[in-house]
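Colleague: The structure is given below, and queries will be raised subsequently.
The values are calculated or read from the model by the stated rules, or taken from the named source; none is laboratory data. None of these values were measured; they are calculated from a predicted model. With ideal geometry, Cβ positions are generated from the backbone for all residues, glycine too; neighbour counts draw on all protein chains shown. Just so you know, the surface numbers come from the protein's heavy atoms only, side chains and all, with ligands and any DNA or RNA stripped out. Shrake-Rupley method; radii C 1.70, N 1.55, O 1.52, S 1.80 Å.
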Amino acid sequence: MYIYPLKRLPIDIYSLAGGKARSLAYMMQNTKLRIPEGYVITCNAFMKTELKKEARNELMEFLKSLSDGSTYAVRSSALSEDGDNASFAGQYETVTDVEKKDILKAVGRVASSSDNSNVKAYAQNRAGDLIQKEGIGIIIQRYVRPEFAGVVFTSDVITGKDEKMVGNYVCGEGERLVSGIENAKEFRINSIKYSYEGPEEFAQYAKTLSKYCIEIRKLYGMPMDIEWAVSDKKVYILQARPITTLCRLNMDNYDINGARSAYKMLTRTNVGEIFMKPVSPMTFSVLEKINEILGLPDWLDNICGQPYMNISVMCSLAVSFGFKKEKAYEAMKGLVGRVPDDVEVPVSPFDKKEFLRRIYRLFFPKQKSRLTKKQKKEMVNDLADIARSMIKDIRKIENINQLSTYWDEVMLTKLRDGMSSVIGQSGTSMIPLFNTNSSIAKIAGKDMADRLCTGCLGLIESMKPLFLINDVIQGKMSKEEYVRVCGQRCPNEMELAAIHPYEDDSYVDRLIMQHRDDHLNMYELQKAKEKAYEEARAEFKDMYPDKRRWIDRQISRFVKANTFREDLRSKGVWIFCVFREYILQAGRLTGLDDDVFMLTFDELFSYLNDDRISREKLTVRRETYERYKTYDPLPNIVVGRFDVDEWIADKNHRSDYYIQDMKSTVLDEDADIKGFAGAAGVVRGKVRVVTDIDNIGDIQVGDILVASATNVGWTPVFTKVSAIVTDIGAPLSHAAIVARECGIPAVVGCGNATTLLRTGDEVIVDGSAGTVKKVL
């Protein structure tokens, strides 16, 4: 069979239908948009540009079913046409207003256009290797005689801003516009709160077009270039394709840049501590799944493998619920880092209904966990043991069928029960993490707030690797028990392709060698912190007797929230370890080995079902991934469209922020560095800049560590250094928390410390003031 109705085009035939037909079919099958009915002749019906005999016979029989009273548009649908990376707009032939008797001739004319010089030149100049994707499908679609026809872009094709849609049209057929034959009239439509700017003659149709465009943008999840027409006072959609200049992702070669697809604000604060290196395609795809589950498009965004948090999508969510943009941004500034005062957060249209649907499904899934409340609590407590047991089971699996069955019958159930259990236990409010210190400071001052919030936490999870290795050295804990408790924690613990300590038999021995001569007794230091905390609490109660119960409640909630966050993060890493082991086993059984991490999550299961991606494509992705890992740390904050290659080529580029609409100023290398107060104390010493944890062996006792960020994997070196300074971070970041527990000063979130400081520089670090001063 070579001819299919677009509305019923089977998914497994999409690849033979060509870009235009595939897009029309996708919209027809997933929306209620007004699209003229049509059919597609698939590309395998043609031998070069001629119809095969059997395809011609099928077409002649099909034509008998068409109405004599209608005319038709015969349009190209080449395999390379209307794709994410190239549109080929206007390059192929289109024949409109064709009578039924002339369709066969029109099909031949359109098919022949695939061999013209324009198409070949476009493919070579714009799309590179796309000329190799030979083949053309042909669309036969009911012709709508237009009063107006044109195109509309859901985002500005130059800046990427999407608060306004930009369109233009001509009177009559749109081919005159797409082909550049006729000049057009322009209009703009506000995407967030509807308004129209443009010729009065089109105003009555603009709102319907706006509704259709927003729905198409939502369906595809990317900026779109949409062809439309008005016929008999009705708006029709004729085609929709990605805006190729705003392409966020090309998974063929793992070319990912979220700042290329739209004008938005991205930050590495927080996520930069979790993901300190570019992530593999597999890990990237899992983060995309998280965005999908939460109904927050591109919330965990990415530039060249490096995850970023999308502040614009969070503010857009708040605006969709009626908050003013300025208020929404003010509430989220603590997540962003240091941004110039006059920079505004970009917002975009946001589908709050879809968000609410996704959140409802998350909390009330169709397939509910059968665990009781007590069992859910037990599951959260036993999460690490459950994960270790599953890892043992996965390693015993001997073939692909068993592996697939284990996913369907064991892992999906455990994942569903685990999600339900964690959500059930997450009633612990996280608000005390953010407001306890400031609430106390309003009453008793910042110094008292810092004293009370330091030392009250006890032995938190992120400190255990440091404390317990000393127990191993002193013979109080076995190496095996250390691995059982801390074997999942490492610098890249959320990267599925990264080896974790529990997999490395020599890991504990190396730690023992590093810490055998530690000059800090962590338990004595902790006791001193607890004593100082008790003294501060007693002092507060003496000063404010009417606040005695209040301060106890505040500290209790603060401790509970911190403990829950730390415990959940530690156990959550074990879940990632289970996924890693499953993926590793898939790599062994398929022969992909480590290349399995160059697949996406969905591709993995397709691969297990014999729908296999080419190894050449995985090799190309690997090359891109390895290149990303050679890049210097990207800017902490990015606002607007950001070209990584141009930024790298700029010798004066800044690492703290990049603002598209702001001229970059050269950093004053002699200026003091300002950040957030992380941990109190003043230290003078020499700088050791370490931008990659692989180089932590260079750190000497007494160094002032200057890094992009730190996480639990860096904890063991905190006993050596005299102070910590980071580009990324906030008062609740890992560097600040651990520095406070170790009793060393910390200044976090400086933005550009690794750029302005050099190893060997002498500086004064004031953790209370949040400053780093060079000694000149």
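Colleague: Treating only the Cβ of Lys, Arg, Asp and Glu as charged (+1, +1, -1, -1), what charge dipole size does the chain show about its Cα centre? Round to the nearest 20 debye.
Modeller: Working: 109 positive and 109 negative charges, 520 e Å.
Dipole magnitude for the chain comes out near 2500 debye.
Colleague: In the stretch 651-708, which trypsin sites (Lys or Arg not before Pro) are in a loop and have at most 14 other Cβ atoms within 10 Å, using DSSP for the loop call? Please report the intermediate quantities before stating the final value.
Modeller: On the way: sites: LYS651, ARG654, LYS663, LYS674, ARG684, LYS686, ARG688; in loops: LYS651, ARG654, LYS663.
Counting only loop positions with at most 14 other Cβ atoms within 10 Å, the trypsin sites (Lys or Arg not before Pro) in the stretch 651-708 are LYS651, LYS663.
Colleague: ASN44 versus THR619, label points 7 Å from Cα toward the beta carbon: distance in nm?
Modeller: A separation of 2.7 nm, rounded to one decimal place.
Colleague: Mean 1/r over all different Cα pairs, inverted: what Kirkwood radius does the stretch 1-78 give, in Å?
Modeller: Numbers: mean 1/r = 0.0757 Å⁻¹.
When all Cα pairs of the stretch 1-78 are included, the Kirkwood radius is 13.2 Å.
Colleague: When the helix-only estimate is applied to the chain (DSSP H runs of n ≥ 4, each -39,500 (n - 2.57), divided by the residue count), what is the mean residue ellipticity at 222 nm, nearest 500 deg cm²/dmol? Walk me through the numbers on the way to the answer.
Modeller: On the way: 29 runs with 324 residues, N = 776.
Using -39500 (n - 2.57) per qualifying helix, the result is -12500 deg cm²/dmol.
Colleague: If you don't mind, another one. Counting only residues 5 or more places away or on other chains, whose amide H sits under 5 Å from the amide H of SER195 once H atoms are built in the peptide plane?
Modeller: For SER195, whose amide H was placed from the backbone, the distant partners under 5 Å are ASN190.
Colleague: Roughly how many nanometres apart are two label points built 7 Å out from the Cα toward the Cβ at SER606 and SER15?
Modeller: In this crude spin-label approximation the distance works out to 0.7 nm.
Colleague: Note down the Stokes-Einstein diffusion coefficient of the stretch 437-510 in µm²/s, whole number, using a Kirkwood radius over alpha carbon pairs, 37 °C, and 0.692 mPa s. Please list the in-between numbers first.
Modeller: Working: Rh = 14.8 Å.
The Stokes-Einstein estimate is 222 µm²/s.
Colleague: I need the peptides 94-106, 690-702 ranked by packing, meaning the mean over residues of other C-beta atoms within 10 angstrom, with the highest value on top.
Modeller: 94-106, 690-702
Colleague: With the dipole of the chain worked out from charges on the C-beta (+1 for Lys and Arg, -1 for Asp and Glu) around the Cα centre, which of ALA739, ALA586, ILE290 lies farthest toward the positive end?
Modeller: ILE290
Colleague: Given H placed 1.01 Å from N in the peptide plane, which residues other than close sequence neighbours of ALA723 have an amide H under 5 Å from its amide H?
Modeller: Amide H neighbours of ALA723, under 5 Å, 5+ apart: LEU705.
Colleague: To continue, here is another question. Non-local amide H neighbours of TYR308 (under 5 Å, H modeled in plane, Pro and chain starts lacking H): which ones?
Modeller: ASP301, ASN302, ILE303
Colleague: Using a cut-off of 11 Å between beta-carbons, work out the net charge of the residues near GLY760 (Lys and Arg +1, Asp and Glu -1, GLY760 not included).
Modeller: Working: positive: LYS686, ARG688, ARG758; negative: ASP703, ASP761, GLU762.
Taking every other residue near GLY760 into account, the sum is 0.
Colleague: Tell me, what HN-Hα J-couplings in whole Hz come from the Karplus equation 6.51 cos²θ - 1.76 cosθ + 1.60 at θ = phi - 60° for each residue of the stretch 56-73, using x for Gly and Pro?
Modeller: Going residue by residue, I get 5, 5, 5, 5, 4, 5, 5, 4, 5, 7, 7, 6, 6, x, 10, 10, 9, 10 Hz, with x marking Gly and Pro.
Colleague: Tell me whether the stretch 297-377 comes out rounded, prolate or oblate; compute the Cα gyration tensor, take square roots of the eigenvalues as a ≥ b ≥ c, and use a/c under 1.5 as the rounded threshold. Present the calculation step by step, with values, prior to reporting the outcome.
Modeller: Numbers: a/c = 2.34, a/b = 1.90, b/c = 1.23.
Here the stretch 297-377 falls in the prolate category.
Colleague: Also, quick follow-up: Quick one, what does Rg over Rh come out to for the stretch 571-626 if you take C-alpha atoms and the Kirkwood Rh?
Modeller: On the way: Rg = 11.7 Å, Rh = 11.8 Å.
That ratio is 1.00, to two decimals.
Colleague: Follow-up. Excluding GLY198 itself, calculate the net charge of residues whose Cβ lies under 11 Å from the Cβ of GLY198, where each Lys or Arg counts +1 and each Asp or Glu counts -1. Intermediate results must be reported in sequence, preceding the final value.
Modeller: Working: positive: LYS185, ARG188; negative: GLU186, GLU197, GLU200, GLU201.
Once all neighbours under 11 Å are counted, the net charge is -2.
Colleague: ³J(HN,Hα) across the stretch 305-313 via Karplus (A = 6.51, B = -1.76, C = 1.60, θ = phi - 60°), whole Hz, x for Gly/Pro?
Modeller: Couplings: x, 8, x, 10, 8, 8, 6, 4, 5 Hz.
Colleague: Could you provide, to the nearest whole Å², the per residue accessible area of the stretch 380-471 with probe 1.4 Å?
Modeller: Details: 4260 Å² over 92 residues.
Value for the stretch 380-471: 46 Å² per residue.
Colleague: Could you go through the stretch 274-283 in sequence order and give the Karplus-derived ³J(HN,Hα) for each residue, using 6.51 cos²θ - 1.76 cosθ + 1.60 with θ = phi - 60°, rounded to whole Hz, and x for Gly and Pro?
Modeller: Along the stretch 274-283, the couplings run 6, 10, 8, 10, x, 8, 6, x, 5, 5 Hz.
Colleague: Oh, and also: Using alpha carbons only, how many degrees (0 to 90, rounded to 10) separate the axis of helix 19-30 from the longest principal axis of the chain?
Modeller: 70 degrees
Colleague: Treating only the Cα positions of the chain as identical point scatterers, give the base-10 log of I(q)/I(0) from the Debye formula at each q in 0.10 Å⁻¹.
Modeller: Here the Debye-derived log intensity ratios amount to -1.12.
Colleague: Semi-axes of the equivalent ellipsoid of the stretch 481-606: what are they in whole Å, largest first, if each equals the square root of 5 times a C-alpha gyration tensor eigenvalue?
Modeller: On the way: eigenvalues 381, 94, 14 Å².
One finds semi-axes of 44, 22, 8 Å for the stretch 481-606.
Colleague: Now a separate question. Among LEU249, ALA206, VAL170, whose Cα sits farthest toward the positive end of the charge dipole of the stretch 161-256 (+1 at Cβ of Lys/Arg, -1 at Cβ of Asp/Glu, about the Cα centre)?
Modeller: Projecting each Cα onto the dipole axis, the largest value belongs to ALA206.
Colleague: Name the shape class, rounded, prolate or oblate, that the alpha-carbon gyration tensor gives for the stretch 203-343, where a ≥ b ≥ c are the square roots of its eigenvalues, rounded holds for a/c under 1.5, and otherwise prolate holds if a/b is larger than b/c and oblate otherwise. List each step's numbers first, then the result.
Modeller: Numbers: a/c = 2.56, a/b = 1.47, b/c = 1.75.
Verdict is oblate for the stretch 203-343.
Colleague: Only Lys, Arg, Asp and Glu count, each charged at its Cβ (+1, +1, -1, -1), so figure out the dipole size of the stretch 200-268 about its Cα centre, rounded to 20 debye.
Modeller: Details: 11 positive and 8 negative charges, 77 e Å.
Result for the stretch 200-268 is approximately 360 debye, rounded to the nearest 20.
Colleague: Which percent of the accessible area of the stretch 377-462 is formed by carbon and sulfur heavy atoms (probe 1.4 angstrom)?
Modeller: Numbers: 2250 of 4350 Å².
Carbon and sulfur together cover 52 percent of it.
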